[in-house]
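**Q** A single structure is presented below for examination.
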Amino acid sequence: MSWRGPIAACALVLGATASSAQSFATQLQLPCLTAPEAEALITAVLPETIEALAASCAPQLPPGALLRDAQTRIVPRYRSEAEAVWPSAQRAVSRVVGADASALLGNSVARPVIAALLAPAIVKQIQPGECLAYDRIIALAEPLPPRNLAGLMVSIWQLTDARRKPGDKRPAITICPRAA
């Protein structure tokens, strides 16, 4: 077993939150994810991410905010979709972590474990003053299928990547450029 898989897995878990993950990703040249792969991965971790966001933002939100009641109003629907899309997300994670570590992703606890690791890393980047905006985004996306929210997030991720200048720090995981 090579060390590439476990290091890539750590980089995936840490995402853009740690400079060490970024340096590992640079040294390892982790593969980019296609937009559909990124959407599947985001959809797979949305329930835990919304739960973490709700817990983190609760003190800043008014009583009627959707995130205050996310556990009953939206998380069950997002969890159902996360389970359905896991096989596609699993392939995306496997491409990043490599064949050596991908065997660990085949059991029934892999998605919740990966989501439980990624969700806090994602939410950690959110500032308390942004909570109302995130609650609004979730509320606006509530009537849409969960994959639409993931698609919006990937589109924003692509726009952010496209605006990076040479020399700017890149996240550990990037989305492959679109074919011209």
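**Q** So how many residues does region 112-164 have that are over 17 Å from TYR78 (Cα atoms) and among the hydroxyl-bearing types (Ser, Thr, Tyr)?
**A** Residues flagged as over 17 Å from TYR78 (Cα atoms) and among the hydroxyl-bearing types (Ser, Thr, Tyr) within region 112-164 amount to 2.
**Q** Separate question: Test of understanding: among LEU118, LEU149, LEU140, LEU144, which residue is surrounded by fewer than 20 Cβ atoms within 10 Å (Cβ to Cβ), assigned to a helix (DSSP H, G or I) and at pLDDT 85 or above? First the steps, then the outcome.
**A** Values: LEU118 fails: surrounded by fewer than 20 Cβ atoms within 10 Å (Cβ to Cβ); LEU149 fails: surrounded by fewer than 20 Cβ atoms within 10 Å (Cβ to Cβ); LEU144 fails: assigned to a helix (DSSP H, G or I).
Only one candidate passes the filter, namely LEU140.
**Q** So, in region 156-176, of the ones that are touching a residue at least 60 places away in the same chain (Cβ under 8 Å) and out of contact with any strand residue (DSSP E or B) (no Cβ under 9 Å at 6 or more places or on another chain), which residue ends up surrounded by the fewest Cβ atoms within 10 Å (Cβ to Cβ)?
**A** LYS169
**Q** Within region 64-88, how many residues turn out to be in contact with a helix residue (DSSP H, G or I) (Cβ under 8 Å, 6 or more places away or on another chain), under 27 Å from ALA35 (Cα atoms) and among the aliphatic types (A, V, I, L, M)?
**A** 6
The values are calculated or read from the model by the stated rules, or taken from the named source; none is laboratory data. Computed from a prediction, not measured in an experiment: that's the story for all the values here. Neighbour counts run over all protein chains shown; Cβ positions are idealised from the backbone, glycine included.
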